[in-house]
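Structure first, commentary second.
Each value in this text was obtained by applying a stated rule to the coordinates, not by laboratory testing. Predicted, not measured: the structure shown is a model, and the values here were computed from it. Cβ sites come from the backbone with ideal geometry, for glycine too, and all protein chains shown count toward neighbours.
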């Protein structure tokens, strides 16, 4: 079977792109053929998994229209983009309508009133309604129960055609010891280091993370990823910028902190878990569904600085983070990319067979 992955544009640090590459490689390992349907933005050398079909895509609408008129030569289309007419849509970016509703709780009034000046929101919402129309899409994959429930609450899509398949990861190797990693990053052995990792700092709750870390002593919040550091102030924060050597950064850190406003299922959390790090996140992150409080980390509400500071302080106890390592590794091992690919392939084969 030839599977056409549909994704407009390209981000070097994007979670969707990282998932797409892992999924394509895993599906090829299961004997399938894969193709990428995208725009001119995706670098040829960044797609080692078959041929590339390039379509116009200056806007979401233009890409969607071009896709409808294209002949790709694929047996099934698996979209990570809100493109009506694909066989299977993976809602890896969540539900935009749900995200905007959650965002209302954090944005000031002026920001909510001026939001619709940006036509992109209206485009996404319209395309989302079309994608979640059962006449346009044969099946939907949600990467958390949270996203599944958001879909079913807002759109008349048949529940039996929405499949929850959690993200999967490929095990990494070659990480240095904690002592070696701390030397690499010039971190004192006694300093407690929560790690904040990712782009989209506002949505992921960086302000909350900084304020919580500032409540603690002997603590440095490590912030890795692309963002405007000058917009944030704190006494216990260190901005690292985009980081390529994530393995050594995980090894140098004590815990991952992601107080996100909205995340369908954070890959960064799963990757941290696979590195043996416990995770503190919010119940607005689909990843929290697999977490056992106090064992693999903890869960709180978005924006609750006091609660996050208390949780950080409880995990700051000498040796607690390291003692959670084995439990974190065991949990992460249940979410392999191969398992994700097999479940995804079953959905794809199901829609082709009908």
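Just to confirm the number: angle between the C-alpha axis of helix 119-131 and the first principal axis of the chain, 0 to 90 degrees, nearest 10? For helix 119-131, the angle is close to 60 degrees.
Mean silhouette area of the range 1-55, derived from the convex hull of its C-alpha atoms and averaged over all directions, reads 3.3 nm². You can think of it this way: the chain between residue 330 and residue 170 has 56.2 nm of extra reach, that is 0.36 nm per residue less the Cα-Cα gap.
Provide the percentage of antiparallel DSSP beta bridges, counting only those with both residues in the chain; round to the nearest 5.
Here the antiparallel bridges make up roughly 0 percent for the chain.
Once the Cα-Cα distance is subtracted from the 0.36 nm per residue extended length, the residue 58 to residue 71 segment shows a gain of 2.7 nm. Estimated from helices alone, the mean residue ellipticity of the chain at 222 nm is -10500 deg cm²/dmol (sum of -39500 (n - 2.57) over DSSP H runs with n ≥ 4, per residue). In the chain, the C-alpha radius of gyration followed by the widest Cα-Cα span (Dmax) gives 20.6, 60 angstrom.
Each of residue 202 and residue 149 was given a label point 7 Å from its Cα along the Cα-to-Cβ line. The distance between the two points is 2.7 nm.
Could you identify which residue out of 269, 65, 328 has the top mean-square fluctuation in a GNM of the chain using Cα springs shorter than 10 Å? In this elastic network of the chain, the residue with the biggest mean-square fluctuation among 269, 65, 328 is 65. Taking the inverse of the mean reciprocal distance over all distinct Cα pairs, the Kirkwood hydrodynamic radius of the range 240-354 comes to 15.3 Å. Taking other C-beta atoms within 10 Å as the exposure proxy, 111, 339 rank 111, 339 from fewest upward. Computed from the C-beta positions of residue 121 and residue 41 and an R0 of 22 Å, the FRET efficiency is 0.55 to the nearest 0.05.
Note on residue 231/residue 184: beta-carbon distance plugged into 1/(1 + (r/R0)^6) with R0 of 45 Å gives a FRET efficiency of 0.95. When Rg and Dmax are taken over the Cα atoms of the range 1-137, they come to 16.0, 53 Å. The GNM of the chain, with springs linking C-alpha atoms under 10 angstrom apart, assigns the highest mean-square fluctuation among 303, 57, 73 to 73. For the range 178-332, the Kirkwood estimate of the hydrodynamic radius, built from every pair of different alpha carbons, is 15.0 Å.
For the peptides 188-199, 228-239, the ranking by packing is 188-199, 228-239, with the highest mean count of neighbouring Cβ atoms within 10 Å listed first. Ordered from longest to shortest, the equivalent ellipsoid semi-axes for the range 135-213 are 40, 19, 9 Å, each the square root of 5 times a Cα gyration tensor eigenvalue.
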